[in-house]
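Asks: I'd like to ask you about the structure that follows.
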Amino acid sequence: MNRRQDYYRPPQQFSVFPPVIKNLLVLNGLLFMAQLVAEATLTTDAALTTVLNYMALYPPGAPDQGITLFFQGEVPGFWPWQLITYSFLHGNFPHILFNMFILWMFGVQIENKWGSERFLTFYFVCVVGAALTHLLFISSPVPTIGASGGVYGVLLAFGMMFPNQPIYLYFLFPIKAKWLVVGLGVFELYTGISGTQAGVANFAHLGGMIFGFVLIQYWRGKLPTQPERVMRW
């Protein structure tokens, strides 16, 4: 007797600002403003700078003194929560603007398609996977911040779900989503190996994409270990 497969059924209602996307935008924005306040009050608000310093991702075995999030001084070292909290901090306004715009532009369709719970799981698996991959290749004990690992995972998911949808680079040049994702992956691999982008965590971007790909394949029933509900799109 054949057992009927219990397939995942996504929600039907579409939202321009679904819950996870909306809350990620708000939290990233609030913490970026906290960074601005901390930078303006370095000598008077030690508590805020300490909290934010402990949120950035530091490699295990970093020296006690060195480069921190705001200045040179006492290095917090690695703590497990940093595998997630680093993704809520950003280096400057263009950094957070780019990440949040890409997260919203591509993540909205995915969260509406998958549902908020599944999208939340996917995003933070990519964030943690990006951090772990980065720690494998990092060569200097400096803090790492940014949501790019999760964002690159979202881009990967979009390219897999909507491979032929055109994306307009600089709002002018169309390219299919699947080729954009492939191109980004090749570019990040090349720049990561060659070291031509100083200060950019290229292997974190790749890690977000790789972990996202593996999770999607698991949800789709493409791995030896099968999920309770197979996801279809």
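A short reminder: the numbers here are calculations on the coordinates, not readings from a lab. Values in this document were obtained by computation on a predicted structure and should not be read as measured data. Quick reminder, even Gly has a Cβ in these numbers, built from the backbone with ideal geometry, and neighbours come from all protein chains shown.
Asks: State which stretch of the chain is the longest one without any exposed trypsin sites (Lys or Arg not before Pro), exposure meaning a DSSP loop state and at most 10 other Cβ atoms within 10 Å. Show your work: numbers first, answer last.
Replies: Details: sites that count: Arg3, Arg4.
Result, exposed sites excluded: 5-233.
Asks: Of the residues Ala177, Ala47, Ala38, which exhibits the maximal mean-square fluctuation in a Gaussian network model of the chain defined by a 10 Å Cα contact cut-off?
Replies: Among Ala177, Ala47, Ala38, the largest mean-square fluctuation in the Gaussian network model of the chain belongs to Ala47.
Asks: Let's see if you can work this out: charge +1 on each Lys and Arg Cβ, -1 on each Asp and Glu Cβ, no other charges. What is the dipole magnitude of the chain about its Cα centre, in debye to the nearest 20? Could the numbers behind the result be given before it?
Replies: Values: 12 positive and 9 negative charges, 269 e Å.
About 1300 debye.
Asks: Once you put a point 7 Å from the Cα of Val230 and another 7 Å from the Cα of Val214, both along the Cβ direction, what distance in nm separates them?
Replies: 2.2
Asks: Also: In the stretch 149-233, if every C-alpha pair distance is counted and binned at 10 Å from zero, what percent goes to each bin?
Replies: 18, 40, 32, 10, 1
Asks: Toward the positive end of the charge dipole of the stretch 19-219, about the Cα centre and with charges on Cβ (Lys, Arg +1; Asp, Glu -1), which of Val128, Gln35, Tyr218 goes farthest?
Replies: Tyr218
Asks: If you build the Cα gyration tensor of the stretch 95-224 and take the root of 5 times each eigenvalue, what three semi-axes come out, in whole angstrom, biggest first? Write out the running numbers ahead of the final one.
Replies: Working: eigenvalues 101, 67, 40 Å².
Over the Cα atoms of the stretch 95-224, the semi-axes work out to 22, 18, 14 Å.
Asks: Among Ile84, Ile175, Ile21, which one shows the highest mean-square fluctuation when the chain is modelled as a Gaussian network with alpha-carbon springs under 10 Å?
Replies: In the Gaussian network model the winner is Ile175.
Asks: If I build a Gaussian network model for the chain, linking alpha-carbon pairs within less than 10 angstrom, which residue out of Asn23, Asn99, Asn112 has the largest mean-square fluctuation?
Replies: Asn23
Asks: Once Lys and Arg get +1 and Asp and Glu get -1 on their Cβ, which of Gly207, Phe88, Gly77 lies farthest toward the positive end of the dipole of the stretch 19-219?
Replies: Sorting the options by dipole projection puts first Gly207.
Asks: Write down the radius of gyration of the stretch 53-130 and its Dmax, each obtained from C-alpha positions, in Å.
Replies: 15.3, 47
Asks: Right, something else. Assuming 1.567 mPa s and 4 °C, estimate D for the chain with Stokes-Einstein, Rh taken as the Kirkwood radius over Cα pairs, in µm²/s. Before the final figure, lay out the partial values.
Replies: Working: Rh = 18.8 Å.
For these conditions, the coefficient is 69 µm²/s.
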